[in-house]
Every structure is written in structure tokens, then in C-alpha cells.
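Have a look at the structure below before the remarks.
The values are calculated or read from the model by the stated rules, or taken from the named source; none is laboratory data. The shown structure was predicted, so the numbers you read here are calculated from the model rather than taken from an experiment. Cβ atoms come from the backbone with ideal geometry, glycine included; neighbour counts cover every protein chain shown.
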């Protein structure tokens, strides 16, 4: 059966047996000798990277809530206020601001993410490695040696343990737990340390760990700052003459009062359940995950990369665990503090990391981000009161896991619109889920509080136009004085116009008429987006065009992801989109990162330029990823795709790539559903199953011979379906609803779908 038919016929990818090679699995001839090329395993809370150093097989272990949360001393000073910063900027005293806000980030080792440790096995006696495989359908790593020895390893999908099984070796094997060098004499760290790696781990000032070697177990306890501690416990047993099973757990006192007891308990329970039983339940979770959506496209590189990105998303996003940070559960194993401290960057990184969850039909995993944002809301409101001396809600641009500010370039860490961009995710969850309880208790309250903050923070001029007192556009002009604008940038203005409009829309939806009127009045007070008078392209700020290649497309927020400017709006917006993208092409990619290409894929897709979308996404996959598909920021091929060639690993580029592919296949912005809106002309065949559209629709579609052949839509919420007719003037059949009930307007089919209804359209 043709695989494009298969996707439609069974509405999911088939489960691949453990012994079979999946089309998107990872296959390596040897173990990687770098941590950022290792085999990645994870469950949102726990993570492991499998690689080698010499004859040592290494598991780099991680847990998402391992943090040094000590406060930044400078931020306790009375001058740490917007009023003080604003006055210094007016005086052009940028140095004082940088000394207070910027410098602690690089100067001080903490706050920061911290690594957990290493689990090691001596593989010298096993001989040469024959093959290394990561089966992404089951999230199972297999290492095969030429001698017949085999290792299998996984991090259980929904249990707090990791597993390894060694088979085919009849001599004793003793694992070792290697603590990170928080103490001791190691000062330089790993010689392969990343170009952005900072302080040594010793600089954190932790005491030496407690290590307990049992007969068949290892326990490592590390105390950190302020009473924080975590424990790694590993135990193993010989199940037969040539089979050796081991399990490990990492527990911190961030969640458990007695982490040592909990870690030992979880490992003991796992060994009682057995490796095979846990692998079976683990595989069932992943089977359900992969059944949520699937794609089949004639570009093997893009298709494979999409599946690998979704694998990483499934490994790092889990409700009940912390959200995806820069490296999530794969903190750099360089014996140093990780690049950018492994933190939460909200001027792009966290937002892009969750872009794919909505249309990929992984709302549950996406809620891990929103749950955390709601959890840190009190800390954010406290910072808003303390720094801005006002009400409402804003969020520091760079935060700890507790939502506290960490500093960094002050133009962006103190941006007034950070919470507005974060609000977009609350809005998207509502649009894609139609969960009215979420709308009432989470989405609207967050968005309303952001609107209140912007109302208080902005200034209304005598001519009735609102402006921000200071504005910026990440990361235009870096952290120079010129990074502050006296007029509101298009980045800030797009977010402001979007969030105020969303506040009005959601207030209306909830019947809050007075609120809706307030927000509409306020929206009218903000100026329009700044466009070039000749070709309509978006500027960085009024009278300030983009003058050079730049990694952030922050001035294009209004196009994607916000959709304020959209091709469906007519010629003016179409002209703006075309000229804005042409400007990016003219300035070139010299100073783009990997995530720039991933974001550009969605921009081109939103503009319905499928060939260009596929081209830039292909460049991302080929040039900006390590062999294990990790996004390494710079051009690793040094083939001219960017002058940035450095290799810090961060995840946002990977996730933005997946979103770009999905945007090519399905568009539902503004509640209008389009199938295959931005695919290359050469894609004669393509298919997807149960991608999610706004309005809580699950959409499946198949294309053959260059035309859409079938569209299947399941309505979860009973909202009217507005579907752009995928067949044009050609005849089609309609199942699930009477033709008489369907209205047609401007090329759209308006279908009064009921909750639970399945509608099938087929070309005759």
C-alpha cells in the first residue's frame, strides 16, 4: 500500500517492532565522542546522553529541576528599577545600566542550571562497536559490539527511572557514578568545552559529594546552594549468565523531602517490575504519542528531521515536569556551567520551543509550559511591582526555574512586552483546544493582566497616541545604547496590538462587555505598524529600516507568529510580506543562526511560498544540526550559510523547524483551514493525519498527482468549519453532512460541524 494512502487509511503510523529499522531512526557506525552528538533519551524530567570517551561508555545524566537558584545581588539594590534605568538611558549613561543589570550574568556563576553526573561502563573488553541505533518509535537506544555484546537503554516515558540492559557478556560489570567537578582540583573542565561555556563548576562553591558504594548499587548525594541537594541512585542485578540489568533515578529536594529514600525506592520498584515490563509500558506511551499526528512528504530530509524534532519534543515536554529550557534535559556535559547557563530565555527561545505542539496535536505536552508560566506568575507580578512600580503582569526576559530575573542584556531582559509574547501561547492553546475552562481561568486572566500592565506602563500623548517610554527589538544593536528606541519598535508594537486585540476578543467571548470596550478603546490609541512608504516592508521602528543581516526577525513578528499581517487581508498585506521577505534575502544570511532559518521557514509558509520554505528548512537540517539532529546555532558545514560557525546546542531551532513543516501542510490562522497551503510545486504526493487546526479540528489530508484527493476533518468542539475548498472547480463528494447544509463564500466551504462529527471530502 502506498504510504500516502496508509496514513489516511489508518490515521496513524504503524508501530514499528523493536527489531525493525524505522525510516526515521538514528543509525551510527560508532558511539559519538562528544556530548552534543550523543544519543538523546528523556521524559521531560530525566534525561540521558549516551556517548563515549576513549574506552568508557558514558551516560550523561540530567534532571530538569537541578538549579542553583541563588539570587542576583545587584537586583536587591534600590536602584534596580525601571525609573532608574530610564533616567540613565536619557543621560546616555549606558555603562551604569550594564554594570547593574548586564554584567552579573557573565560575571557570576549563578543562578544557573547544573548537570547531574555521569554513569560509566568500561567497554574495552567488548571490542569495536558495530552499530548504534536510536529507535525513535520506542525511544530505545541499542549499541551493538562486534563481539556480540549488546546494550539497550531508555528513560521511561512516564516513570521516574532510566534503564540499561547489557547482554552477551559473561564477566562481571561494575558501573561507576562520576560526580560533576563541583569540588576538587579540576579547573579547566572538558577540553571540548563550548565557545559559550562559562565558569567552571568549582566556582559554585559546593562541598564534596557523598558517594556510597554498595554491593550492587551506587548512591551519590550532592549538596548545593541554599540547602538544595540532589541524589543519583543506581542499582543492578544479574538476571542470567550473560544479562545484566540496571536502573537509575535522580531526585532533588526541590520536590521531595527525602530525595535519597525516594531515589532508592524508585529504582528498587523498577528492578522488581523488570526491564522487559518497563520497556513494554514505556513503548505504549510512545505509541500513543506517535498516534497523535503523522506526515508523509516526498522530501526524505525534511520528513525525517520532522520526526526527529517531534521525538525531541516528546522527550523534553511532559506535563508535571519543568518546561523546556535552552537545553532541556540534556545539560552540557563539559564539566562547566552550560552555555547561557541553560536558562529560560523569553526573547525567543522558550516561545519557539513550543511552536509545534499546537498543530502537531500535542496540547497535553504543551501544557507543561503554560502550567509553569502560571506557577511563576506570583514571582513575575512581584518583579513587575518592584521593578516597574506598577500593577499588571510582565515577566523578566531571562529567568530561573523559579521565574526570578537573571540579568543579561537589559534591553531584552527588561523588555516591557515579554509577557505579551508568552501570552500568545495561552491564546493558541485556547484557539486549538476550545477549552472554555482554560479560557476563563488561565488564558484571559493572563492576557488581561498583560494588558493592564501595558495600559499603566505606556504614555498617552496630547494627540491621543500611545507610546512606550523605552522600546527595543531583540537583539537589534545588541546591548548598545542604540538598542533602546524612543519610539515604539515594530516588535513591541506588534505584540502590544496583538495582546490588546486578544484581550478584547476573549473578553467578548466570555461576556465581559466592559472589559472588551476598554481594550478596544486602548487598541485604537496605539499607532499602526511602521512600514516603508515605497514598498510597504516592515521597519524595525519608525524611520529605522533593517540595515544589516541579523539573526532575530523580531521586526516581523506581525507576520509570524502573530498573524496581524496576513495574505488573506488583501493586497497591502501581501505587498508588505513580499517586500519584507525580499529585504531579508537582499541583506543575506551572514549573521543568521540556525533558528533564523527555522523561523524563516514559517514566514515563507505563511506567505504561501512553499519552494522557499522547503529550501530554508533544508538548509537548517543540513548545516545547523549535529549528527544527532541537535540544533548547534552556527553553520557546521562552513558552506557560507552563515558567518556564525560556533556550536552551542539549544533546542528552539529544532522545534521551530517542526512548526515550519507543519505550517506548509496545514494553515488555520484566523479560523480559516487550508490544506497544503505552502508546499513546493514538485511535491506531487503528500499526506498528513490528525494535525490540529484552530477551532479544535483534527485534519487529515492526502495529495496525489499534484492535487488534493481527500480531506478528513473531526470536530472536537462543534464549531463551524471554514475550509478553503481544496478541490477548486473540480467535483467532489461529501460524507458526514448534507450538501444542503454547506454554505459557500469566497472559495470557502462553511460547514456547521457538530461536536464529534467526522466530515470527509473526496475528489471525484
Say whether the condition of being surrounded by 22 or more Cβ atoms within 10 Å (Cβ to Cβ), in contact with a strand residue (DSSP E or B) (Cβ under 8 Å, 6 or more places away or on another chain) and assigned to a helix (DSSP H, G or I) is met by at least one residue in the range 316-327.
yes
Given the conditions (1) in a loop (DSSP other than H, G, I, E, B); (2) at pLDDT 95 or above; (3) touching a strand residue (DSSP E or B) at 6+ places or on another chain (Cβ under 9 Å), and given that residue 20 satisfies all but one, which numbered condition is not satisfied?
(2)
Which of the residues that make up the range 479-507 are farther than 18 Å from residue 428 by Cβ and free of Cβ contacts under 8 Å to residues at least 12 places away in the same chain?
482
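Yes or no, residue by residue, for (1) buried (at least 24 other Cβ atoms within 10 Å of the Cβ); (2) more than 19 Å from residue 399 (Cβ to Cβ); (3) not assigned by TED's automatic domain parsing to the domain that holds residue 401:
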| residue | (1), (2), (3) |
| --- | --- |
| 48 | yes, yes, yes |
| 54 | no, yes, yes |
| 60 | yes, yes, yes |
| 64 | yes, no, yes |
| 74 | no, no, yes |
| 84 | no, yes, no |
| 87 | no, yes, no |
| 90 | no, yes, no |
Within the range 721-739, residues more than 33 Å from the chain's Cα centre (by Cα) and touching a residue at least 12 places away in the same chain (Cβ under 8 Å) come out as 727, 730, 731, 732, 733, 734, 735, 736, 737
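With the structure loaded, tell me whether residue 272 is at pLDDT 95 or above, surrounded by fewer than 19 Cβ atoms within 10 Å (Cβ to Cβ) and over 18 Å from residue 139 (Cβ atoms) or whether it fails that test.
Details: at pLDDT 95 or above: yes; surrounded by fewer than 19 Cβ atoms within 10 Å (Cβ to Cβ): yes; over 18 Å from residue 139 (Cβ atoms): yes.
Spelling it out, residue 272 is indeed at pLDDT 95 or above, surrounded by fewer than 19 Cβ atoms within 10 Å (Cβ to Cβ) and over 18 Å from residue 139 (Cβ atoms).
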Might you check whether a residue that is over 30 Å from residue 97 (Cα atoms), modelled with pLDDT of 95 or more, crowded, with 19+ Cβ neighbours inside 10 Å and touching a strand residue (DSSP E or B) at 6+ places or on another chain (Cβ under 7 Å) occurs anywhere in the range 512-532?
yes
Do we find a residue being under 15 Å from residue 619 (Cβ atoms), in contact (Cβ under 8 Å) with a residue 40 or more places away in the chain and outside any helix (DSSP H, G or I) anywhere in the range 654-664?
no
I'd like to check something: does the range 581-588 contain any residue that is part of a loop (DSSP other than H, G, I, E, B), over 22 Å from residue 667 (Cβ atoms) and under 29 Å from the mean Cα position of the chain (by Cα)?
yes
Test residue 531 against the stated conditions and say whether it is in contact with a helix residue (DSSP H, G or I) (Cβ under 7 Å, 6 or more places away or on another chain) and farther than 16 Å from residue 477 by Cβ.
yes
Residue among 585, 571 that alone is without any contact (Cβ under 8 Å) to a residue 24 or more places away in the chain and within 30 Å of residue 649 (Cβ to Cβ):
585
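Could you check, for the range 520-529, whether at least one of its residues is touching a residue at least 60 places away in the same chain (Cβ under 8 Å) and assigned to a loop (DSSP other than H, G, I, E, B)?
Yes, the range 520-529 has at least one match.
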Against the conditions (1) farther than 18 Å from residue 367 by Cβ; (2) surrounded by fewer than 23 Cβ atoms within 10 Å (Cβ to Cβ); (3) out of contact with any strand residue (DSSP E or B) (no Cβ under 7 Å at 6 or more places or on another chain); (4) touching a residue at least 60 places away in the same chain (Cβ under 8 Å), where does residue 460 fall short? Just the number, please.
(3)
Screening 684, 670 for residues that are surrounded by fewer than 18 Cβ atoms within 10 Å (Cβ to Cβ) and assigned to a helix (DSSP H, G or I) leaves only 670
Give just the number: which of (1) buried (at least 21 other Cβ atoms within 10 Å of the Cβ); (2) within 24 Å of the chain's Cα centre (by Cα); (3) within 30 Å of residue 697 (Cβ to Cβ) does residue 500 not satisfy?
(2)
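Under the condition of being more than 15 Å from residue 627 (Cα to Cα) and in contact with a strand residue (DSSP E or B) (Cβ under 8 Å, 6 or more places away or on another chain), which residue from the range 125-134 is surrounded by the fewest Cβ atoms within 10 Å (Cβ to Cβ)?
Looking only at the range 125-134, we keep the residues that are more than 15 Å from residue 627 (Cα to Cα), and these are 125-130.
After this cut, where a residue has to be in contact with a strand residue (DSSP E or B) (Cβ under 8 Å, 6 or more places away or on another chain) as well, the list is 126-130.
Working: 126: 24, 127: 12, 128: 10, 129: 20, 130: 16.
Only one residue fits best here, namely 128.
If you go through the range 433-449 one residue at a time, do you hit one that is in a helix (DSSP H, G or I), closer than 17 Å to residue 347 by Cβ, modelled with pLDDT of 95 or more and out of contact with any helix residue (DSSP H, G or I) (no Cβ under 6 Å at 6 or more places or on another chain)? Break it down into steps so the answer makes sense when it comes.
Taking the range 433-449 first, the residues in a helix (DSSP H, G or I) are 433, 436-449.
Next cut, closer than 17 Å to residue 347 by Cβ only: none.
Checking the range 433-449: not a single residue is in a helix (DSSP H, G or I), closer than 17 Å to residue 347 by Cβ, modelled with pLDDT of 95 or more and out of contact with any helix residue (DSSP H, G or I) (no Cβ under 6 Å at 6 or more places or on another chain).
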Restricting attention to the range 736-764, the residues that are loosely packed, with under 12 Cβ neighbours inside 10 Å and closer than 22 Å to residue 665 by Cβ number exactly 1
Looking at the range 740-751, is at least one residue outside any loop (DSSP other than H, G, I, E, B) and either touching a helix residue (DSSP H, G or I) at 6+ places or on another chain (Cβ under 8 Å) or touching a residue at least 40 places away in the same chain (Cβ under 8 Å) (or both)?
yes
In the range 721-735, anything exposed (fewer than 11 other Cβ atoms within 10 Å of the Cβ) and in a strand (DSSP E or B) is listed as 735
Restricting to the range 346-364, name every residue that is part of a helix (DSSP H, G or I) and surrounded by fewer than 23 Cβ atoms within 10 Å (Cβ to Cβ).
349, 351, 363, 364
A careful count of residues in the range 51-88 that are outside any helix (DSSP H, G or I) and either in contact with a strand residue (DSSP E or B) (Cβ under 6 Å, 6 or more places away or on another chain) or under 30 Å from residue 331 (Cα atoms) (or both) gives 22
For the range 287-299, state whether one or more residues are in contact with a strand residue (DSSP E or B) (Cβ under 7 Å, 6 or more places away or on another chain) and within 30 Å of residue 114 (Cβ to Cβ).
no
